[in-house]
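Structure record follows, encoded as structure tokens.
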Amino acid sequence: MVLLAVLLAVLGAFCLAFGAQRQGSAVKADTGGLALNSTGLLRLLRNPRWVFGLFLLAIGMCMNAVALVSAPLTVVQPIGAIALVITTVVNAKDQGIKINRPTVVAITACVTGSALFVLLAVTVTQENHRVDVESELTIVLLLAVVVGIFGSLAAMFKHRMNAFVYILGAGILFGFVAVLTRIIGKQLLDPNGAFLLNVQWYSIVAIVAAGVLGSWFVQSAYSGGPPDLVIAGLTVIDPIVGIAIGIIILDELKPDVHAVMAIGMAGAAVIAIVGVIVLSRHHPEVTKRKKEARKAAGRSK
């Protein structure tokens, strides 16, 4: 079962990588690096490359979900991080970009930091098999605040938000979505046999709202940055947020955890997030866009 989970995780990583690259190149070609709007999104729905990328992403997420059910998190989650490496290589070849040293360092930090964070988290956490209504409502209300903050930023600074802000928002939003999805899954499988009657309506609304805004942020990040940055955000920020919610709100931290472990987790998270920041600033595609923008500004003067 574990071998099957590993195989699915690897295949899922490839699907996520190629799916992100297909969608990223389609969005970039459609927007020319400008902010994505609703009209552009409708055009993308008729773009075969973008639709094929969406299909690959859906397959990859399904494979990863099955892998997570079939094997321990410590086995599956680090494998998912290789999607970042694959995306970087594939995108570099597709766009004719040479991968520079800061990008290699950033990717190494992302993969190492996120894998270390997950490995440490598994040793200090325990699954909460029954989440009370108060904890679930707390998560939903906190998510409402997050949606309000990032939604307001997107509305007010649409043309000034960079790719990192978009992918930070997407990572946080999908981290909440993952936690609520897990809670709802447990409610549906509750032995009391009530199925949908166990599910709270506000959790469904919260997942839909966060999912829609998070998806919009992902597509907007494609228009302003490379697809590897999107994968970095979703494979680094998403699990960190999900595990943090489990520890802080769902009381999944084991008793008597040594302070050294907490410091190690914090350090690993910082390393991974710094890797994402460095990638968003020094990726060759990002630096190329900055140079082109400076030249365009110089010509306009």
* **Total residues in the stretch 155-206, condition surrounded by 18 or more Cβ atoms within 10 Å (Cβ to Cβ) and either touching a strand residue (DSSP E or B) at 6+ places or on another chain (Cβ under 8 Å) or among the aromatic types (Phe, Trp, Tyr) (or both)** => 4
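For the stretch 137-184: of the residues being basic (Lys, Arg) and in contact with a helix residue (DSSP H, G or I) (Cβ under 9 Å, 6 or more places away or on another chain), which is farthest from residue 235 (Cα to Cα)? Reasoning before the result, please.
As a first pass, look at the stretch 137-184 and keep what is basic (Lys, Arg): 158, 160, 182.
Those still in the list that are in contact with a helix residue (DSSP H, G or I) (Cβ under 9 Å, 6 or more places away or on another chain) too: 158, 182.
Details: 158: 24, 182: 17 Å.
Checking each candidate, the answer is 158.
I need the full set of residues from the stretch 245-276 which are under 27 Å from residue 86 (Cα atoms) and crowded, with 17+ Cβ neighbours inside 10 Å, in order please.
Start the filter on the stretch 245-276 by keeping residues that are under 27 Å from residue 86 (Cα atoms), which leaves 265-276.
Residues satisfying the conditions are 265, 268, 269, 271, 272, 273, 275, 276.
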* In this structure, does residue 169 turn out to be within 30 Å of residue 43 (Cβ to Cβ) and either at pLDDT 90 or above or aromatic (Phe, Trp, Tyr) (or both)? -> yes
* To do: Give 57, 142 a once-over and let me know the one that is surrounded by fewer than 16 Cβ atoms within 10 Å (Cβ to Cβ) and at pLDDT 85 or above.
  => 142
* Structure fact -> By residue number, the members of the stretch 119-139 that are at pLDDT 90 or above and of a type in the set (Ser, Thr, Tyr) are 135, 138
* What's the number of the condition residue 175 fails, among (1) at pLDDT 85 or above; (2) in contact with a Phe, Trp or Tyr (Cβ under 8 Å, 6 or more places away or on another chain)? -> (2)
* **Pair list, Cβ < 8 Å and 6+ apart or interchain, from the stretch 102-126 residues that are within 19 Å of residue 246 (Cα to Cα) and among the charged types (D, E, K, R) to residues that are assigned to a helix (DSSP H, G or I) and modelled with pLDDT under 90** => none
* Structure fact -> If we keep only residues of the stretch 67-95 that are at pLDDT below 80 and among the β-branched types (Val, Ile, Thr), then the residue surrounded by the fewest Cβ atoms within 10 Å (Cβ to Cβ) is 69
* Matching helices (runs of 4 or more DSSP H) fully within the stretch 76-173 where at least 3 residues are among the aliphatic types (A, V, I, L, M), farther than 30 Å from residue 203 by Cα and touching a Gly at 6+ places or on another chain (Cβ under 8 Å) -> 101-124
* Is it the case that the stretch 262-281 has a residue that's touching a helix residue (DSSP H, G or I) at 6+ places or on another chain (Cβ under 7 Å), more than 30 Å from residue 96 (Cβ to Cβ) and assigned to a strand (DSSP E or B)? -> no
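Looking for whichever is assigned to a helix (DSSP H, G or I), in contact with a Gly (Cβ under 7 Å, 6 or more places away or on another chain) and surrounded by 16 or more Cβ atoms within 10 Å (Cβ to Cβ) here; the options are 228, 238. Which one fits? Break it down into steps so the answer makes sense when it comes.
On the way: 228 fails: in contact with a Gly (Cβ under 7 Å, 6 or more places away or on another chain).
238 is the lone residue from the list that is assigned to a helix (DSSP H, G or I), in contact with a Gly (Cβ under 7 Å, 6 or more places away or on another chain) and surrounded by 16 or more Cβ atoms within 10 Å (Cβ to Cβ).
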* Structure fact -> How many residues of the stretch 29-51 are at pLDDT 80 or above and crowded, with 20+ Cβ neighbours inside 10 Å? The answer is 2
* Given the conditions (1) at positive phi; (2) under 20 Å from the mean Cα position of the chain (by Cα), and given that residue 267 satisfies all but one, which numbered condition is not satisfied? -> (1)
* Which residue pairs have Cβ atoms closer than 6 Å, lie 6 or more positions apart in sequence or on different chains, and pair a first residue in the stretch 207-221 that is surrounded by 18 or more Cβ atoms within 10 Å (Cβ to Cβ) with a second residue that is hydroxyl-bearing (Ser, Thr, Tyr)? -> 217/166; 220/166; 221/166
* Of all residues in the stretch 250-265, count the ones that are at pLDDT below 85 and small (Gly, Ala, Ser). => 0
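The values are calculated or read from the model by the stated rules, or taken from the named source; none is laboratory data. No experiment lies behind these values; they were computed from the predicted model shown. With ideal geometry, Cβ positions are generated from the backbone for all residues, glycine too; neighbour counts draw on all protein chains shown.
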